[in-house]
Amino acid sequence: MFDLSVVASDGRWLLVDESEGELGEYDTCDEALKAAGDFAVLDREPRHVLIQDAAGEWQEAVVGPPQFH
């Protein structure tokens, strides 16, 4: 269910795909989550993302494609 992770590493945030490896490096967690949301646009479905902060704690976020009205 979780194929994307955002991991804090040496003051940067890495977007990691379970099968593809590292997809990008970002200054903030929000930037990495926005990039993960780009995958949701491609799939047209929300994506569950695991987030590991610098202290090693895990959280979950759901990112989705933008809603058009």
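Only one of the numbered conditions (1) at pLDDT below 95; (2) among the charged types (D, E, K, R); (3) not in a loop (DSSP other than H, G, I, E, B) is not met by Glu45, and that is (3). Would the range 19-27 turn up any residue that is at pLDDT 95 or above, of a type outside the set (Lys, Arg) and open to solvent by 80 Å² or more (accessible area, probe 1.4 Å)? Yes - at least one qualifying residue is present in the range 19-27.
The values are calculated or read from the model by the stated rules, or taken from the named source; none is laboratory data. Here the structure is a predicted model, which means the values were calculated and not measured. Protein only, heavy atoms only, side chains kept; ligands, DNA and RNA dropped before computing areas. Shrake-Rupley method; radii C 1.70, N 1.55, O 1.52, S 1.80 Å.
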